[in-house]
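Q: Just dropping this structure here.
FYI, it's all coordinate maths here, none of it is from the lab. These figures come from a predicted structure and were not determined experimentally. Cβ: placed from backbone, ideal geometry, glycine included. Neighbour counts: every protein chain shown.
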Amino acid sequence: MSVNNKVIITCAVTGSIHTPTMSPHLPITASEIADNAIGAAEAGAAIIHLHARDPETGAPDQSLEAYQPILGVIKQASNAVLNLTTGGAMTMTVEERAKPAITFKPEVASLNMGTMNFGLFPMLSRFKEFKHDWEPKYLEGSRSGFFRNTFADIEYILTECANNNTRFEVECYDIGHLYTLAHMADRELIKPPFFVQSVFGILGGIGNHAEDVMMMKRTADRLFGDQYRWSVLGAGRHQMRIASIAASMGGNVRVGLEDSLWAGKGKLAENNAVQVRMVRQILEGQGLEIATPDEAREILHLKGGDQVGF
């Protein structure tokens, strides 16, 4: 099978959506995040998408000090491509969010393509008590707040990372985000091949119906032709269903506890590797082959793990 036909599995190991109360298995400390990342890579994830957290409270943390111990441990133990978020959390400025990617010069960084409502507040009704005071305030804040990704913010991240040869996991939560990517490409602020991550099922973004998946794919095909690689993630309980639909359409997939805490109905995933193995079984059941980290580097035209700043 041609390398370009192999499927890239990305694993997003902790994120900033879920809070510690929601699962005892959510990685919080640097060692927990690193261990989960290494386990996911061993299970078949070529790319590891990273956020950091405060080790005491589990709150999102974009400080360089939070990332340093995570990056070093993973790099020593794994050949996986490391992808640093520039999304951070809704409560942060774009400068705070982008600082780790600008400083550590990863092979890949995430890049959100539009300001949007990002509703986490429905999760409040699932819990009577929270472990930390920040959790309910953080979730409730998404009712009146928004996830800021203005044109200026996107330009800032692209410009600041331009000399690092970092490529981007371009996160598109709706159709308009694809057109924003096309705009940035027309201005040559971002160059192909684009790694487009279509996100389904976040309240405020596109839904999780099969028609939504197909519409995002059709639009990206029309805008970018053969100049992009398509990947998908489904939020929450729709994670594996969305992955299966996209895989049948030639897509790559993303799983991980950032996107879903589950490993089946009513069953919390004990670690990220569980979800990687689950999606790998779906992919291989369709006769598809899984890309290694080096094959992902070739497919996405990445600079290589020896060119990063950590």
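Q: So who's got an amide H within less than 5 Å of the one on Lys131, skipping anything under 5 residues away but keeping other chains? H placed 1.01 Å off N, in plane.
A: Residues meeting the amide H criterion: Thr21.
Q: Moving on. Which residues' amide hydrogens lie under 5 Å from the amide hydrogen of Tyr228, considering only partners 5 or more residues apart or on another chain, with H built in the peptide plane?
A: Phe194
Q: Is the shape of segment 3-307 best called rounded, prolate or oblate, per the rule: a/c under 1.5 gives rounded, else a/b larger than b/c gives prolate, else oblate, with a ≥ b ≥ c the square roots of the Cα gyration tensor eigenvalues?
A: It comes out rounded by the Cα gyration axes.
Q: If you don't mind, there's one more thing I want to ask. Using the Karplus curve 6.51 cos²θ - 1.76 cosθ + 1.60 with θ = phi - 60°, work out ³J(HN,Hα) for each residue of segment 264-277 in order, rounded to whole Hz, and write x for Gly and Pro.
A: For segment 264-277, the Karplus curve yields x, 4, x, 10, 6, 6, 6, 6, 6, 4, 4, 5, 4, 5 Hz.
Q: Could I ask something else about it? Is the shape of segment 170-230 rounded, prolate or oblate, going by the alpha carbon gyration tensor and its root eigenvalues a ≥ b ≥ c, with a/c under 1.5 for rounded and a/b larger than b/c for prolate?
A: prolate
Q: Considering only lysines 8 or more places apart in sequence, or on different chains, count the pairs in the chain whose C-alpha atoms sit under 16 Å apart.
A: Going through the chain pair by pair, I get 5.
Q: Then there's this: Multiply the residue separation of Ser63 and Arg218 by 0.36 nm, subtract the distance between their alpha-carbon atoms, and state the gained length in nm to one decimal.
A: So the chain would gain 52.0 nm between Ser63 and Arg218.
Q: Right, next: For every other residue with a beta carbon closer than 14 angstrom to the beta carbon of Ile282, add +1 if it is Lys or Arg and -1 if Asp or Glu, then tell me the sum.
A: That sum, taken over residues with Cβ under 14 Å, equals +2.
Q: For segment 32-139, give the magnitude of the charge dipole about the Cα centre (Cβ charges: +1 Lys/Arg, -1 Asp/Glu; no others), in debye to the nearest 20.
A: 260 debye
Q: In deg cm²/dmol, rounded to 500, what helix-only [θ] at 222 nm does the chain give when every DSSP H run of at least 4 residues adds -39500 (n - 2.57) and the total is split over its residues?
A: Result for the chain, helices only: -12000 deg cm²/dmol.
Q: Taking θ = phi - 60°, what integer Hz values does the Karplus form 6.51 cos²θ - 1.76 cosθ + 1.60 yield along segment 65-71, in sequence order, with x for Gly and Pro?
A: Rounded to whole hertz, the list is 5, 6, 7, 3, x, 5, 5.
Q: Of the beta bridges DSSP finds with both residues in the chain, what % are antiparallel, to the nearest 5?
A: Among the beta bridges of the chain, antiparallel pairing accounts for roughly 10 percent.
Q: How high is the relative contact order of segment 3-307, in percent, with contacts defined as C-alpha pairs under 8 Å that are six or more residues apart?
A: 24 percent
Q: Another question about this same structure. Shape call for segment 62-210 from the C-alpha gyration tensor, a ≥ b ≥ c root eigenvalues: rounded (a/c under 1.5), prolate (a/b greater than b/c) or oblate?
A: Because a/c hits 1.5 or more and a/b fails to exceed b/c, segment 62-210 counts as oblate.
Q: State to the nearest 20 debye the size of the charge dipole of segment 3-307 about its Cα centre, where the only charges are +1 on K and R beta carbons and -1 on D and E beta carbons.
A: So the magnitude is around 620 debye.
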